[in-house]
Amino acid sequence: MSMQPTLETRVSAPTALAGSPELLISHLLRYGVLASLVLVVCGMGLMFFHHPDYFSSVEALQRVTGPVHTPHRLSDVMEGVLATRGRAIAMVGLLVMMGIPVARVALSLL
């Protein structure tokens, strides 16, 4: 008698793993970090595209990296995203990064 898996068991094994909690958490972490990275890079690129003087002026770059120009409330961030401000889009990327561990724990509990 052969111990080789039949075609039915080979096809159903990946299907059973597709819904496993470990795989779902793995996808959440992988794609969440990727989405966060894309948002931060796009936000920074948009910010430098709108303000090319940041490349040549140290004072201008110091002004933008100071805490005064960073959106501090969620409403400010959403308003900035709707106005396509680079800083706000980068901030959404950071918020996504902070939300990934919370989503992982929630997914683990489910």
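The values are calculated or read from the model by the stated rules, or taken from the named source; none is laboratory data. Since we're looking at a predicted model, the values are computed, not measured. With ideal geometry, Cβ positions are generated from the backbone for all residues, glycine too; neighbour counts draw on all protein chains shown. Ligands, DNA and RNA are excluded from the accessible area calculation, which covers all protein heavy atoms including side chains. Shrake-Rupley method; radii C 1.70, N 1.55, O 1.52, S 1.80 Å.
From the set of residues in region 41-70 that are part of a loop (DSSP other than H, G, I, E, B) and modelled with pLDDT of 75 or more, which is nearest to Met98 (Cα to Cα)?
His51
Looking for something acidic (Asp, Glu), open to solvent by less than 70 Å² (accessible area, probe 1.4 Å) and either in a helix (DSSP H, G or I) or closer than 25 Å to Val105 by Cβ (or both) - is there at least one such residue anywhere in region 74-91?
Yes, the conditions are met somewhere in region 74-91.
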